[in-house]
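Worksheet: the structure to be examined is printed underneath.
The values are calculated or read from the model by the stated rules, or taken from the named source; none is laboratory data. Just so it is clear, the model here is predicted, and its values are computed rather than measured. Glycine gets a Cβ as well: all are built from the backbone with ideal geometry, and neighbour counts include every protein chain shown.
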Amino acid sequence: MSGAPSGAPLNLSAGLHSPSPGILDAVMPATDRAAGLPAARGELSGFLLERLTGEPGDWASPPPIPMDARRGEDFHLSLHLCYELHYGGLEDVDERWEWNPALLELRSRLERTFEAALREDVGASEAPSPVEVAAALRGVPGEYPDGRSIAGHVARSASLEQVRELVVLRSAYQLKEADPHSWLIPRLRGGPKVALVEVQSDEYGAGDPARLHQSLYARTMQALGLDGRPGGYLDLIPGVALATANLASLLGLHRRWRGASVGHLAMIEMTSSDANRRCANGLRRLGLGPGVTDFYDEHVEADALHDAIAVNDVAGALARDEPQLAPQILFGARSLFAVEGRFTEHVLDAWDAGATSLLEPLALPAAA
Ligand SMILES: [Fe+2]
Ligand SMILES: [Fe+2]
(Lines give C-alpha, C1' and ligand atoms only; values in the text may rest on other atoms or scores of the structure.)
(Ligands and ions follow the chains in the order given, each with its own letter.)
Protein backbone atom coordinates (compact mmCIF):
# COMPACT_ATOMS: atom_id res chain seq x y z
CA MET A 1 0.00 0.00 0.00
CA SER A 2 1.02 3.48 -0.54
CA GLY A 3 -1.09 6.33 -1.35
CA ALA A 4 -3.84 8.47 -0.21
CA PRO A 5 -6.65 10.41 -1.73
CA SER A 6 -5.76 11.89 -5.05
CA GLY A 7 -2.58 13.44 -3.86
CA ALA A 8 -1.51 10.02 -2.76
CA PRO A 9 1.75 9.29 -1.18
CA LEU A 10 4.25 10.01 -3.68
CA ASN A 11 5.77 7.04 -5.20
CA LEU A 12 8.48 8.76 -7.02
CA SER A 13 11.13 6.14 -7.16
CA ALA A 14 12.61 5.37 -10.47
CA GLY A 15 16.14 6.22 -11.54
CA LEU A 16 16.86 8.40 -14.49
CA HIS A 17 16.58 6.98 -18.00
CA SER A 18 19.73 8.81 -18.94
CA PRO A 19 21.11 9.88 -15.64
CA SER A 20 23.66 12.54 -15.60
CA PRO A 21 26.82 11.16 -14.01
CA GLY A 22 26.55 13.84 -11.34
CA ILE A 23 23.21 12.70 -10.01
CA LEU A 24 24.13 9.08 -9.50
CA ASP A 25 27.56 9.93 -8.18
CA ALA A 26 25.86 12.03 -5.56
CA VAL A 27 23.50 9.33 -4.39
CA MET A 28 23.56 9.07 -0.65
CA PRO A 29 24.01 5.69 1.02
CA ALA A 30 20.76 4.05 2.08
CA THR A 31 20.84 2.64 5.55
CA ASP A 32 18.26 1.96 8.18
CA ARG A 33 20.02 4.29 10.57
CA ALA A 34 17.93 7.25 11.54
CA ALA A 35 19.36 10.64 10.80
CA GLY A 36 20.25 13.06 13.61
CA LEU A 37 17.73 14.92 15.72
CA PRO A 38 15.87 17.83 14.13
CA ALA A 39 15.81 21.45 15.23
CA ALA A 40 13.06 22.57 17.60
CA ARG A 41 10.02 24.37 16.18
CA GLY A 42 8.68 25.83 19.39
CA GLU A 43 8.58 25.54 23.14
CA LEU A 44 7.28 21.97 23.36
CA SER A 45 9.51 20.38 20.72
CA GLY A 46 12.46 22.27 22.22
CA PHE A 47 11.62 20.85 25.65
CA LEU A 48 11.25 17.33 24.27
CA LEU A 49 14.47 17.41 22.28
CA GLU A 50 16.40 18.61 25.30
CA ARG A 51 14.94 15.89 27.55
CA LEU A 52 15.33 13.12 24.98
CA THR A 53 19.07 13.61 24.81
CA GLY A 54 19.33 12.88 28.54
CA GLU A 55 18.48 9.98 30.86
CA PRO A 56 14.82 8.92 30.90
CA GLY A 57 13.04 10.31 33.93
CA ASP A 58 10.10 12.30 35.19
CA TRP A 59 9.53 15.99 34.62
CA ALA A 60 7.67 18.50 36.69
CA SER A 61 5.98 20.91 34.35
CA PRO A 62 6.27 20.47 30.60
CA PRO A 63 5.22 23.40 28.41
CA PRO A 64 1.56 23.65 27.41
CA ILE A 65 0.29 21.64 24.45
CA PRO A 66 0.21 23.77 21.26
CA MET A 67 -3.35 24.05 19.99
CA ASP A 68 -2.91 23.82 16.20
CA ALA A 69 -3.33 20.09 15.65
CA ARG A 70 -3.97 20.58 11.93
CA ARG A 71 -0.91 22.40 10.63
CA GLY A 72 1.05 23.28 13.77
CA GLU A 73 4.82 22.94 13.44
CA ASP A 74 5.56 22.59 17.15
CA PHE A 75 2.56 20.28 17.60
CA HIS A 76 3.31 17.79 14.85
CA LEU A 77 7.08 17.70 15.32
CA SER A 78 6.52 16.94 19.03
CA LEU A 79 4.05 14.17 18.25
CA HIS A 80 6.33 12.81 15.53
CA LEU A 81 9.24 12.59 18.01
CA CYS A 82 7.06 10.69 20.49
CA TYR A 83 5.93 8.23 17.82
CA GLU A 84 9.35 7.61 16.29
CA LEU A 85 10.41 5.99 19.55
CA HIS A 86 8.09 3.11 18.60
CA TYR A 87 9.56 2.64 15.12
CA GLY A 88 13.22 2.99 14.19
CA GLY A 89 14.03 5.16 17.20
CA LEU A 90 15.84 8.46 17.34
CA GLU A 91 19.59 8.80 17.02
CA ASP A 92 21.41 9.17 20.34
CA VAL A 93 18.14 8.86 22.28
CA ASP A 94 17.92 6.28 25.06
CA GLU A 95 15.51 3.53 23.96
CA ARG A 96 13.94 3.44 27.42
CA TRP A 97 12.15 6.70 26.56
CA GLU A 98 9.70 4.63 24.49
CA TRP A 99 7.74 3.58 27.58
CA ASN A 100 8.60 6.47 29.87
CA PRO A 101 5.41 7.42 31.79
CA ALA A 102 6.02 11.17 31.64
CA LEU A 103 6.56 11.07 27.89
CA LEU A 104 3.51 8.86 27.37
CA GLU A 105 1.38 11.29 29.38
CA LEU A 106 2.60 14.16 27.23
CA ARG A 107 1.93 12.14 24.06
CA SER A 108 -1.53 11.34 25.31
CA ARG A 109 -2.33 15.04 25.73
CA LEU A 110 -1.15 15.71 22.16
CA GLU A 111 -3.27 12.82 20.93
CA ARG A 112 -6.40 14.09 22.67
CA THR A 113 -5.95 17.45 20.93
CA PHE A 114 -5.34 15.75 17.57
CA GLU A 115 -8.39 13.52 18.01
CA ALA A 116 -10.59 16.51 18.86
CA ALA A 117 -9.49 18.27 15.66
CA LEU A 118 -10.15 15.14 13.60
CA ARG A 119 -13.64 14.73 15.06
CA GLU A 120 -14.35 18.34 14.15
CA ASP A 121 -13.01 17.78 10.62
CA VAL A 122 -15.01 14.63 10.02
CA GLY A 123 -18.19 15.88 11.67
CA ALA A 124 -21.27 13.86 12.34
CA SER A 125 -22.31 11.40 9.71
CA GLU A 126 -24.72 8.55 9.55
CA ALA A 127 -23.27 5.33 10.90
CA PRO A 128 -23.44 2.50 8.36
CA SER A 129 -24.79 -0.87 9.36
CA PRO A 130 -22.04 -3.49 9.52
CA VAL A 131 -23.05 -5.04 6.19
CA GLU A 132 -22.94 -1.62 4.54
CA VAL A 133 -19.41 -0.71 5.60
CA ALA A 134 -17.67 -1.75 2.38
CA ALA A 135 -20.16 0.21 0.29
CA ALA A 136 -19.91 3.20 2.63
CA LEU A 137 -16.11 3.19 2.27
CA ARG A 138 -16.56 3.30 -1.50
CA GLY A 139 -18.68 6.38 -0.95
CA VAL A 140 -15.95 8.36 0.81
CA PRO A 141 -14.64 10.73 -1.84
CA GLY A 142 -11.14 10.10 -3.14
CA GLU A 143 -10.94 13.44 -4.92
CA TYR A 144 -11.36 16.89 -3.46
CA PRO A 145 -14.38 18.96 -4.46
CA ASP A 146 -12.28 21.55 -6.27
CA GLY A 147 -10.57 18.80 -8.26
CA ARG A 148 -7.13 19.68 -6.96
CA SER A 149 -4.80 16.72 -7.10
CA ILE A 150 -1.09 16.41 -6.48
CA ALA A 151 -0.92 13.23 -8.56
CA GLY A 152 -2.71 15.05 -11.39
CA HIS A 153 -0.22 17.89 -11.17
CA VAL A 154 2.70 15.44 -11.23
CA ALA A 155 1.22 13.74 -14.27
CA ARG A 156 0.68 16.98 -16.18
CA SER A 157 3.22 19.58 -15.27
CA ALA A 158 5.29 19.12 -12.10
CA SER A 159 8.95 20.06 -12.43
CA LEU A 160 11.78 17.78 -11.31
CA GLU A 161 12.30 20.10 -8.35
CA GLN A 162 8.66 19.71 -7.33
CA VAL A 163 8.92 15.94 -7.68
CA ARG A 164 11.91 15.94 -5.34
CA GLU A 165 9.96 18.06 -2.86
CA LEU A 166 7.04 15.70 -2.95
CA VAL A 167 9.29 12.69 -2.38
CA VAL A 168 10.82 14.46 0.61
CA LEU A 169 7.40 15.44 1.99
CA ARG A 170 6.13 11.87 1.77
CA SER A 171 9.27 10.34 3.23
CA ALA A 172 7.99 10.78 6.81
CA TYR A 173 5.39 8.13 6.02
CA GLN A 174 6.72 6.13 3.07
CA LEU A 175 10.02 5.16 4.70
CA LYS A 176 7.96 3.32 7.31
CA GLU A 177 5.11 2.43 4.98
CA ALA A 178 2.99 -0.47 6.26
CA ASP A 179 4.48 -0.38 9.77
CA PRO A 180 1.61 1.66 11.32
CA HIS A 181 -0.91 -0.92 10.06
CA SER A 182 1.16 -3.84 11.34
CA TRP A 183 0.13 -2.84 14.87
CA LEU A 184 -3.28 -4.13 13.80
CA ILE A 185 -2.17 -7.72 13.36
CA PRO A 186 -2.39 -8.84 16.99
CA ARG A 187 -5.61 -6.86 17.41
CA LEU A 188 -7.60 -8.66 14.72
CA ARG A 189 -8.76 -12.24 14.61
CA GLY A 190 -9.78 -14.81 12.02
CA GLY A 191 -10.58 -13.64 8.49
CA PRO A 192 -9.69 -9.93 8.90
CA LYS A 193 -6.30 -10.87 10.37
CA VAL A 194 -5.55 -13.29 7.53
CA ALA A 195 -6.57 -10.73 4.89
CA LEU A 196 -4.52 -7.98 6.53
CA VAL A 197 -1.43 -10.16 6.61
CA GLU A 198 -1.91 -10.91 2.91
CA VAL A 199 -1.73 -7.18 2.17
CA GLN A 200 1.14 -6.60 4.57
CA SER A 201 3.14 -9.45 3.07
CA ASP A 202 3.22 -7.62 -0.25
CA GLU A 203 4.12 -4.36 1.49
CA TYR A 204 7.06 -6.14 3.10
CA GLY A 205 8.35 -7.55 -0.17
CA ALA A 206 6.59 -10.96 -0.25
CA GLY A 207 9.78 -12.71 0.82
CA ASP A 208 12.15 -10.57 -1.24
CA PRO A 209 14.03 -7.88 0.73
CA ALA A 210 14.68 -6.02 -2.51
CA ARG A 211 10.91 -5.53 -2.96
CA LEU A 212 10.24 -4.17 0.53
CA HIS A 213 8.19 -1.06 -0.24
CA GLN A 214 10.05 1.05 2.30
CA SER A 215 13.30 0.15 0.55
CA LEU A 216 11.80 0.84 -2.87
CA TYR A 217 10.99 4.32 -1.62
CA ALA A 218 14.51 4.83 -0.24
CA ARG A 219 15.85 3.81 -3.65
CA THR A 220 13.57 6.34 -5.32
CA MET A 221 15.02 9.00 -3.09
CA GLN A 222 18.57 7.92 -3.89
CA ALA A 223 17.85 7.83 -7.60
CA LEU A 224 16.71 11.44 -7.33
CA GLY A 225 19.96 12.38 -5.58
CA LEU A 226 18.30 12.48 -2.17
CA ASP A 227 19.22 11.03 1.22
CA GLY A 228 17.09 7.90 1.75
CA ARG A 229 17.63 7.59 5.49
CA PRO A 230 14.61 7.89 7.77
CA GLY A 231 14.52 11.38 9.22
CA GLY A 232 17.06 12.69 6.74
CA TYR A 233 14.82 15.63 5.81
CA LEU A 234 12.82 16.06 8.98
CA ASP A 235 13.88 19.70 9.31
CA LEU A 236 12.29 20.46 5.93
CA ILE A 237 8.95 18.67 6.36
CA PRO A 238 6.13 20.96 7.52
CA GLY A 239 3.63 20.03 10.21
CA VAL A 240 0.82 19.59 7.70
CA ALA A 241 2.86 16.77 6.09
CA LEU A 242 4.00 15.24 9.39
CA ALA A 243 0.29 15.11 10.28
CA THR A 244 -0.28 12.46 7.58
CA ALA A 245 2.28 10.14 9.20
CA ASN A 246 1.13 11.02 12.72
CA LEU A 247 -2.46 10.08 11.85
CA ALA A 248 -1.35 6.59 10.81
CA SER A 249 0.55 6.18 14.09
CA LEU A 250 -2.26 7.57 16.22
CA LEU A 251 -4.73 5.06 14.82
CA GLY A 252 -2.23 2.20 14.65
CA LEU A 253 -0.82 2.41 18.15
CA HIS A 254 -4.13 2.23 20.00
CA ARG A 255 -6.15 -0.95 20.15
CA ARG A 256 -9.27 1.12 20.78
CA TRP A 257 -8.73 2.68 17.32
CA ARG A 258 -8.34 -0.65 15.47
CA GLY A 259 -11.48 -0.01 13.44
CA ALA A 260 -10.29 3.45 12.42
CA SER A 261 -6.87 2.08 11.47
CA VAL A 262 -8.58 -0.49 9.25
CA GLY A 263 -10.63 2.30 7.63
CA HIS A 264 -7.44 4.31 7.12
CA LEU A 265 -5.79 1.32 5.46
CA ALA A 266 -8.80 0.72 3.21
CA MET A 267 -8.87 4.36 2.12
CA ILE A 268 -5.18 4.27 1.23
CA GLU A 269 -5.56 1.10 -0.79
CA MET A 270 -8.67 2.40 -2.59
CA THR A 271 -6.98 5.58 -3.77
CA SER A 272 -3.40 4.45 -4.25
CA SER A 273 -3.42 2.61 -7.57
CA ASP A 274 -4.75 5.47 -9.68
CA ALA A 275 -2.67 8.14 -7.91
CA ASN A 276 0.50 6.13 -8.31
CA ARG A 277 -0.24 5.52 -11.98
CA ARG A 278 -0.52 9.25 -12.54
CA CYS A 279 2.67 9.90 -10.58
CA ALA A 280 4.58 7.24 -12.51
CA ASN A 281 3.42 8.75 -15.79
CA GLY A 282 4.52 12.18 -14.63
CA LEU A 283 7.94 10.85 -13.72
CA ARG A 284 8.33 9.28 -17.15
CA ARG A 285 7.26 12.60 -18.69
CA LEU A 286 10.28 14.10 -16.92
CA GLY A 287 12.56 11.43 -18.36
CA LEU A 288 12.95 9.54 -15.10
CA GLY A 289 13.51 5.82 -15.39
CA PRO A 290 12.89 2.64 -13.39
CA GLY A 291 15.14 3.64 -10.52
CA VAL A 292 12.64 6.35 -9.69
CA THR A 293 9.40 4.91 -11.07
CA ASP A 294 9.71 1.39 -9.62
CA PHE A 295 8.03 2.30 -6.32
CA TYR A 296 5.08 3.90 -8.12
CA ASP A 297 4.71 1.20 -10.74
CA GLU A 298 4.78 -1.44 -8.00
CA HIS A 299 1.76 0.17 -6.37
CA VAL A 300 -0.33 0.44 -9.52
CA GLU A 301 -0.84 -3.31 -9.71
CA ALA A 302 -0.36 -4.24 -6.06
CA ASP A 303 -2.88 -1.74 -4.76
CA ALA A 304 -5.48 -2.63 -7.36
CA LEU A 305 -5.49 -6.03 -5.62
CA HIS A 306 -5.08 -4.64 -2.11
CA ASP A 307 -8.10 -2.40 -2.65
CA ALA A 308 -10.59 -5.27 -2.72
CA ILE A 309 -8.87 -7.18 0.07
CA ALA A 310 -8.67 -4.18 2.39
CA VAL A 311 -12.22 -2.98 1.75
CA ASN A 312 -14.06 -6.31 1.67
CA ASP A 313 -11.94 -8.85 3.53
CA VAL A 314 -10.44 -6.63 6.21
CA ALA A 315 -12.86 -3.72 6.76
CA GLY A 316 -16.11 -5.38 5.68
CA ALA A 317 -15.33 -8.59 7.54
CA LEU A 318 -14.23 -6.74 10.68
CA ALA A 319 -17.51 -4.80 10.71
CA ARG A 320 -19.42 -8.07 10.58
CA ASP A 321 -17.27 -9.61 13.34
CA GLU A 322 -17.33 -6.52 15.57
CA PRO A 323 -20.38 -4.47 14.52
CA GLN A 324 -19.70 -1.74 17.07
CA LEU A 325 -16.61 -0.78 15.05
CA ALA A 326 -18.56 0.10 11.87
CA PRO A 327 -18.77 3.88 12.52
CA GLN A 328 -15.11 3.96 13.52
CA ILE A 329 -14.01 2.30 10.28
CA LEU A 330 -15.61 5.17 8.38
CA PHE A 331 -14.07 7.68 10.78
CA GLY A 332 -10.59 6.40 9.92
CA ALA A 333 -11.23 6.75 6.20
CA ARG A 334 -12.69 10.23 6.55
CA SER A 335 -9.86 11.35 8.85
CA LEU A 336 -7.35 10.41 6.17
CA PHE A 337 -9.35 12.36 3.61
CA ALA A 338 -9.34 15.44 5.87
CA VAL A 339 -5.61 15.31 6.64
CA GLU A 340 -4.69 14.63 3.00
CA GLY A 341 -6.92 17.50 1.92
CA ARG A 342 -4.91 19.97 4.00
CA PHE A 343 -1.69 18.44 2.69
CA THR A 344 -2.85 18.80 -0.92
CA GLU A 345 -3.94 22.39 -0.37
CA HIS A 346 -0.60 23.28 1.22
CA VAL A 347 1.52 21.74 -1.52
CA LEU A 348 -0.44 23.04 -4.49
CA ASP A 349 -0.86 26.53 -2.98
CA ALA A 350 2.90 26.75 -2.52
CA TRP A 351 3.64 25.58 -6.03
CA ASP A 352 0.98 27.85 -7.55
CA ALA A 353 2.75 30.74 -5.83
CA GLY A 354 6.11 29.65 -7.22
CA ALA A 355 7.30 28.82 -3.71
CA THR A 356 8.66 25.73 -2.03
CA SER A 357 6.26 23.44 -0.17
CA LEU A 358 9.06 22.59 2.25
CA LEU A 359 10.05 24.64 5.28
CA GLU A 360 13.19 25.62 3.39
CA PRO A 361 14.28 25.04 -0.20
CA LEU A 362 15.82 21.65 -0.80
CA ALA A 363 19.60 21.64 -1.03
CA LEU A 364 20.92 18.81 -3.16
CA PRO A 365 24.41 17.37 -2.84
CA ALA A 366 26.82 19.65 -4.67
CA ALA A 367 27.51 17.14 -7.43
CA ALA A 368 23.82 16.93 -8.36
FE1 LIG B 1 -0.95 -1.61 -0.84
FE1 LIG C 1 3.17 -0.21 -0.51
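Looking only at residues of segment 175-209 that are among the aliphatic types (A, V, I, L, M) and not in a loop (DSSP other than H, G, I, E, B), we find that the one that is surrounded by the fewest Cβ atoms within 10 Å (Cβ to Cβ) is Ile185. When Asn312 is tested against (1) surrounded by fewer than 24 Cβ atoms within 10 Å (Cβ to Cβ); (2) touching a strand residue (DSSP E or B) at 6+ places or on another chain (Cβ under 9 Å), only condition (2) is not met. Of all positions in segment 260-267, none carries a residue that is in a helix (DSSP H, G or I), more than 17 Å from the chain's Cα centre (by Cα) and modelled with pLDDT of 95 or more.
Here the helices (runs of 4 or more DSSP H) wholly within segment 275-368 that include at least 3 residues being of a type in the set (S, T, N, Q) and at pLDDT 95 or above are 326-352. When Ala158 is tested against (1) within 16 Å of ligand 1 (Cβ to nearest atom); (2) over 20 Å from the mean Cα position of the chain (by Cα); (3) not in a helix (DSSP H, G or I), just one condition goes unmet, and that condition is (1).
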